[in-house]
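The values are calculated or read from the model by the stated rules, or taken from the named source; none is laboratory data. Bear in mind that the values here come from a model prediction, so they are computed numbers and not experimental data. Glycine gets a Cβ as well: all are built from the backbone with ideal geometry, and neighbour counts include every protein chain shown. With ligands, DNA and RNA removed, areas are computed over all heavy atoms of the protein, side chains included. Shrake-Rupley method; radii C 1.70, N 1.55, O 1.52, S 1.80 Å.
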2 protein chains.
Amino acid sequence: MTETVVPYVIPANAGTLTYQQAGVDYDRVDPIKRLAQQAARATAAQLAQHGVAEIAQSRGESAYVVDVGPFHLASIVECLGTKILVADAVYRDGGKSLYAAIAQDTIAMAVNDLITVGATPLVVQAYWAAGGSDWFADERRAADLIAGWKAACETCGVSWGGGETPALAGVVEGDTIDLGASCVGIVSPKSRLSLGDELAEGDAIVLLASSGIHANGVSLARKLAERLPEGYRTPMADGTTFGEALLAPTVLYAPVTEALARAGINVHYCVNVTGHGWRKLLRHPGAFTYRVTELPPVPPVLDFIAREAKLDASEAYGTLNMGAGFALFVSAAEAERVVAVAAECGVAAWVAGCVEAGPKRLVIEALDVVWGDDALQLR
Amino acid sequence: MTETVVPYVIPANAGTLTYQQAGVDYDRVDPIKRLAQQAARATAAQLAQHGVAEIAQSRGESAYVVDVGPFHLASIVECLGTKILVADAVYRDGGKSLYAAIAQDTIAMAVNDLITVGATPLVVQAYWAAGGSDWFADERRAADLIAGWKAACETCGVSWGGGETPALAGVVEGDTIDLGASCVGIVSPKSRLSLGDELAEGDAIVLLASSGIHANGVSLARKLAERLPEGYRTPMADGTTFGEALLAPTVLYAPVTEALARAGINVHYCVNVTGHGWRKLLRHPGAFTYRVTELPPVPPVLDFIAREAKLDASEAYGTLNMGAGFALFVSAAEAERVVAVAAECGVAAWVAGCVEAGPKRLVIEALDVVWGDDALQLR
C-alpha cells in the first residue's frame, strides 16, 4: 500500500476543497471540548477514595492513565467516524463487502491511541450502534465485520471482551452503523510510560508507514468522491477503485510498540497521526522544534486526493497522514534499531528527522512547510 | 420518584403495543450477537502472551473480567440508546434542557453494569457522537450534558478520563447525538468478584428502587407518546409531563455496592435490570427457581405506560423495570442489612423474594407470572 510516490507540492487555488468545506468545523467543536476537559479534570480527585491516582500529565494525551499501584492502567474510547459511509457506498455499488477492513480501522482508532502512552493493550470492547435491526440481518456484512474485528484483536494481542450492539433507529441513520471501540491496557513495568518526560533535543523522529487514508480525512475524501464523475468507482493507477483504495485498513501499530519493549528500546514519546495530519507531531506540550528532513512515500490514494482536491502541501500534510501513520520519538542512537524492529513486524519505518532546541514548531524542509504552536490546539 | 402505586394486572387485548411493534426486534439482532460472542471468546487466548488471563465465566455477564495478578480488571462499553430522542423532543417542545439527566443515564448504563461483577469503577470515558458540529454549538444543552456527566462521575466516585466528541453527519441523525460511555474498574480484593459462584438456594433477592423508566423500554414509551393526543406534554398525576417523567435520571447504584463492600457484606450475584425487564433476573446460568413474594412500588411513569399501552403483567414486567432497577442476591441472614446500607445511600430497597432449588424459572407470585429458561437468551 505504500509504494513510492514522489511528494508533490501543489499551490492552493480557487478549486481547493478545504476540510471546513467538507463539513467538519473544528472551531465549533473545540470550545465545548475544552469545557468538557475542565470538568473532567475536576473529577480526578474521586480516585483518592480508592487509593489510586491519575497521572495528570496523561490528560491531553491520547489515552488516560491511572496509577493503580503495581502498574498503570490506560483506557480510551474511540470511533471509526464517517469512514463507514465509504464502505456502505462501495457495498451498495457493486456488492463488495469491505466491513472486515472497517472493523480493523475501528480497533486501530482505539489501540493506536492507547499504545502511545506505553501501554500494552489487553481488552477491546465493541460498540456497534446500527440504524436499525435490519443492519444485522444482512449476514454477509455482519459476518465480515465480526471476522475483521476478531482478526484485528489477534494482531493486537488483545482479548475481545464483549460490547454492545444496539439498534438505534432515529439516532443512527438508517442502513448504516456507528462503530466505536474502547480499549484498556496496562503500562507494565511502569518505566514504559511514555508521556514525553524524556523527550529531548537530539532525539530522532521515526515515522511508521500508513496503508492509506486510515480513518482521518475521510470527510474530505467523500466530498471529493461527489465531485468525481465516476465517484468511488474512479480507477486508481494500480487497478483498484478510489473507494477500495480508501478502504485499505489502518495499520495496527501495537505489534511494533510491543516488539520495541521486548527489545529494550526506550520510547520517549509517541504520536498517533490521525485528525490534523502531521500537525499532530506538535502534540507534546514542550517547546521543541521538530525538523523533518526525509519524507516517507505517499500512498497513491493520498496522492490522488491531494492532487484532485488541489491541496497545497500545508493543507495535505495538515489534514492527511501522507504516508506516516505513527511517530516514535527515541534517542538518536536507537533510531535505526527502531526501524529494524518495525520492519520485523512488517511495518516500514524511516528516521525522518530530529528534535531540536528552539521555539515550538514543525519544519518540513522539503515542502517549505513551517507550523507554529498555533497549528494544533488540543488542550 | 417511587411513591407507592399498587401493582396492576391488565389483560392483553387488541390494543396492546408490544416491544416488537415499537421497532425493536431482538430476533434479528441475537443470531449475529451470538456469532460475535463466539468470535470474541476465541480471542481470549491472546492474553497469555501478556501473562494474564480472562475470567471466562465473566463472558455473558454484564462486564468482562481479566485477572491481572494483584486484582481483577473489569471493563465495559455501553450506550444510552434512543432515550436521547425523548430529551430532544422535550427540548424542542418548550425548551426544557434535560441533558444533564441524559448524561447520568449514559453513565448509569455503563457503571451499573460494571459493578455487577463486584468491581469498583475507576474511570469513565465519554463517547458523544453528534449528527453535526452544530450540536455542540448550542452551548446550553452542551453545558448541561457536561455538568450532568461530571456530577454522575462524582456520585460514582470515578474519574472522567476523557473521551471522544466527533461530529458524524451522515452516520448520526442531524440534530441529535449518540451517547455512550466506557468504564473500567478493578475487583479488589479479588474476593469481591461476584459472578454467581456462591449463589445458592436460600439466598435472598434484594431489589433496589428505580427512579422511573431508566433507559430501557424507551422505544415503547416513544411509540406510546405518538399515540397520545398531547404526546410528551401529557400531564402526569404529579404535575410533570410524560416527557419529563421519562427523563428522570437513572439511579446510580455504585455508591450502594461500594458501601456494601465497606460493610463487609458478601454479594453472591448482581443483576442490572435493563433490557428484558425482570426477565433479567434469570440471568445467572445456574438452575434455580427465583420466587418473588413482594413487589416494589411502581414508579408512576411506568404505571402510566403499562396502562396506556395495555400491557399485561407479563409484558410490563418482561419489558420495563417496574420499580426495580438492580437486584442483589445475598445470604438471607444479610438481607436486612443490605436494605439498611442501601437506605443509608438514599436508595430504597426491599427483600423481595428468595432463591429456591428447582427448575430455572422466575415466579412472581402476586402477578401470576412464571417465566422459564426460554424467557431470556443472552448467551
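Tabulated data for the structure shown
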item	result
Residues being among the hydrophobic types (A, V, I, L, M, F, W, C) and either in a loop (DSSP other than H, G, I, E, B) or under 12 Å from the mean Cα position of the chain (by Cα) (or both) - total across the stretch B:71-105	4
Restricting the stretch B:32-51 to residues that are within 29 Å of A:TRP135 (Cβ to Cβ) and of a type in the set (A, V, I, L, M, F, W, C), the residue that is surrounded by the fewest Cβ atoms within 10 Å (Cβ to Cβ)	B:ALA42
Hey, A:ALA89 within 12 Å of chain B (Cβ to nearest Cβ), at pLDDT 95 or above and open to solvent by less than 10 Å² (accessible area, probe 1.4 Å) or not	no
Subset of the stretch B:315-344 (residues that are open to solvent by 50 Å² or more (accessible area, probe 1.4 Å) and not aliphatic (A, V, I, L, M))	B:GLU315, B:GLU336, B:ARG337, B:GLU344
Selection count, the stretch A:309-336, where residues are over 21 Å from A:ARG227 (Cβ atoms), under 16 Å from the mean Cα position of the chain (by Cα) and not in a loop (DSSP other than H, G, I, E, B)	6
The stretch B:232-291, residues that are open to solvent by less than 20 Å² (accessible area, probe 1.4 Å), touching a Cys at 6+ places or on another chain (Cβ under 6 Å) and not small (Gly, Ala, Ser)	B:LEU252, B:VAL256
Answer residue from the stretch A:171-183, given it is more than 7 Å from chain B (Cβ to nearest Cβ) and open to solvent by less than 10 Å² (accessible area, probe 1.4 Å) and is farthest from B:HIS50 (Cα to Cα) among those	A:ILE177
B:VAL298, sole failed condition from (1) crowded, with 23+ Cβ neighbours inside 10 Å; (2) assigned to a helix (DSSP H, G or I)	(2)
Qualifying residues in the stretch A:52-70 (those that are in a strand (DSSP E or B) and open to solvent by 10 Å² or more (accessible area, probe 1.4 Å)) - the one nearest to A:ALA36 (Cα to Cα)	A:GLU54
Within the stretch B:179-262, helices (runs of 4 or more DSSP H) holding 3 or more residues that are within 27 Å of B:PHE136 (Cα to Cα) and touching a residue at least 40 places away in the same chain (Cβ under 8 Å)	B:218-227, B:242-246
Within the stretch B:128-141, tally of residues that are in contact (Cβ under 8 Å) with a residue 24 or more places away in the chain and either at the interface with another protein chain (Cβ under 7 Å from one of its Cβ atoms) or closer than 21 Å to A:SER219 by Cβ (or both)	9
From the options A:LEU145, A:LEU168, residue that is more than 8 Å from chain B (Cβ to nearest Cβ), more than 19 Å from the chain's Cα centre (by Cα) and buried (at least 24 other Cβ atoms within 10 Å of the Cβ)	A:LEU145
Condition check for A:GLY161: crowded, with 21+ Cβ neighbours inside 10 Å, in the same structural domain as A:ALA63 (by TED's automatic domain parsing), modelled with pLDDT under 95 and touching a strand residue (DSSP E or B) at 6+ places or on another chain (Cβ under 8 Å)	no
Lone qualifier among B:ALA108, B:ALA152, B:ALA126 - being outside any helix (DSSP H, G or I), buried (at least 24 other Cβ atoms within 10 Å of the Cβ) and under 18 Å from the mean Cα position of the chain (by Cα)	B:ALA126
